[in-house]
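Working notes for the structure below.
The values are calculated or read from the model by the stated rules, or taken from the named source; none is laboratory data. These figures come from a predicted structure and were not determined experimentally. We place every Cβ from the backbone using ideal geometry, glycine too, and count neighbours over all the protein chains shown.
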Amino acid sequence: MSTSPHDAFFKRVFGRSEHAAAELKAALPPRIVSHLDLLSLKDDSEALLGPDLTGRTRDLAYTAKFLGEDALLLVMLEHQSTASREALARFFFYASRALERWTQQEENQGWSELPPVICLVVYQGPGAWAAPTQLASLFRVPESVEPELKPYLPAFQILVDNLDAESNEELRARDAQPLAKLCWLLLKNARTSPQLEQDLLSWGDLVGEVAESEEDMVSVASYTLYASPLTPEQVRETFRRIAGPRAEEAVVTAGEQLLKEGEERGVLKGERRILLRQIRRRFGEPAPEVEARVSRATEVELEAWSERVLGANSVEEVFAESEAGD
């Protein structure tokens, strides 16, 4: 899965525990929140998802102490701009992966109970989440055997934080720091608001506080440049009016970074195309799963596979070494 500016912005903000805690407080049922030790919230994404997924997925995996004991709650936190059945299946896969890796950790050997897992999706699309939220609805179950078969299907349901269901005022009123509030507001409005300049000016107090951190301000500016219909000149002038030269410079820096990242994505796209062409010439039309794997490969993986394809006797040999190291 590619790391788009949408993903990068979401992970930069909610990859920090204080902002993730604000999202949990806003979206989880109050009784669950009351039993959570949010100060113990820890980003365990790499440990629970694995390094091969951490850089490719927009998911974050958090753990927190639960019920005032050593019990844990695992929270899968992700954002989506579109609702789909495929997304629900992917969430289930990632949650299962997190539980599997949790059982493999040394301190959990000999476990007798699994920690609860909640998958929380921050939805930035327009309108309500239109796809299923329960995994059972994805299975094809003939009516004639539904009563007998349904009890044995996996029970899994996602929780959706639909940003479009709340007004801007309600999002601003959430118990959170300015960066998290600005993130929610931009995710909801940047692509669709016909009055984004006026919106940004009305959020001037939030922008001003975020501008105290150069990195945070560059992140906000980068997402605004990428997602909104405003021209770079409009974005630069709007942020200058709000927070002065410091914010204006952040827009310039963000624009330069986006240009560089675009060039890098273009290079990787070309390398992926060349590798698939080599595979096609040597072994015939690649299977869909091979194309999918190449499409999300890193620069290091592409370099290794491009060298290996020259001497491989099969498609499997091209990927064999990296699969053994997964």
Output yes when any residue across segment 282-291 is at pLDDT 90 or above and surrounded by 13 or more Cβ atoms within 10 Å (Cβ to Cβ), and no when none is. yes
For residues that are within 16 Å of Ser96 (Cα to Cα) and either buried (at least 16 other Cβ atoms within 10 Å of the Cβ) or of a type outside the set (A, V, I, L, M, F, W, C) (or both), tally how many sit in segment 134-148. 2
What number of residues in segment 164-181 are in contact with a Leu (Cβ under 9 Å, 6 or more places away or on another chain) and of a type outside the set (A, V, I, L, M, F, W, C)? 4
Being within 23 Å of the chain's Cα centre (by Cα) and of a type in the set (S, T, N, Q) narrows it down to one of Gln195, Gln257, so name that one. Gln257
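Let's see how each residue does on (1) modelled with pLDDT of 95 or more; (2) in a helix (DSSP H, G or I); (3) more than 24 Å from Ala176 (Cβ to Cβ):
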position: Asp205; (1), (2), (3): yes, yes, no
position: Thr224; (1), (2), (3): no, yes, no
position: Leu230; (1), (2), (3): no, no, yes
position: Val235; (1), (2), (3): no, yes, no
position: Ala247; (1), (2), (3): no, yes, no
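Take the conditions touching a helix residue (DSSP H, G or I) at 6+ places or on another chain (Cβ under 6 Å), assigned to a loop (DSSP other than H, G, I, E, B) and not small (Gly, Ala, Ser) and apply them to Pro154. Does it pass? Steps first, answer last, please.
Working: touching a helix residue (DSSP H, G or I) at 6+ places or on another chain (Cβ under 6 Å): yes; assigned to a loop (DSSP other than H, G, I, E, B): yes; not small (Gly, Ala, Ser): yes.
Considered against the rule, which asks whether it is touching a helix residue (DSSP H, G or I) at 6+ places or on another chain (Cβ under 6 Å), assigned to a loop (DSSP other than H, G, I, E, B) and not small (Gly, Ala, Ser), Pro154 comes out as yes.
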Would a scan of segment 150-161 turn up a residue that is closer than 20 Å to Ala250 by Cβ and of a type in the set (Phe, Trp, Tyr)? no
Say whether the condition of being more than 30 Å from Glu215 (Cβ to Cβ), more than 15 Å from the chain's Cα centre (by Cα) and small (Gly, Ala, Ser) is met by at least one residue in segment 26-35. yes
If you take the residues in segment 77-127 that are touching a residue at least 40 places away in the same chain (Cβ under 8 Å), of a type in the set (S, T, N, Q) and assigned to a loop (DSSP other than H, G, I, E, B), which one is surrounded by the most Cβ atoms within 10 Å (Cβ to Cβ)? Gln124
Could you give every pair whose Cβ atoms fall below 9 Å, whose first residue belongs to segment 17-39 and is in contact (Cβ under 8 Å) with a residue 24 or more places away in the chain, and whose second residue is in a helix (DSSP H, G or I) and basic (Lys, Arg), counting only separations of at least 6 or pairs across chains? Ala22/Lys181; Leu36/Lys25; Leu38/Lys25
For Arg240, state whether it is under 23 Å from Lys188 (Cα atoms) and either modelled with pLDDT under 90 or surrounded by fewer than 20 Cβ atoms within 10 Å (Cβ to Cβ) (or both). yes
In segment 150-187, anything among the aliphatic types (A, V, I, L, M) and crowded, with 18+ Cβ neighbours inside 10 Å is listed as Ile158, Val160, Leu163, Leu171, Ala176, Leu179, Ala180, Leu182, Leu185, Leu186, Leu187
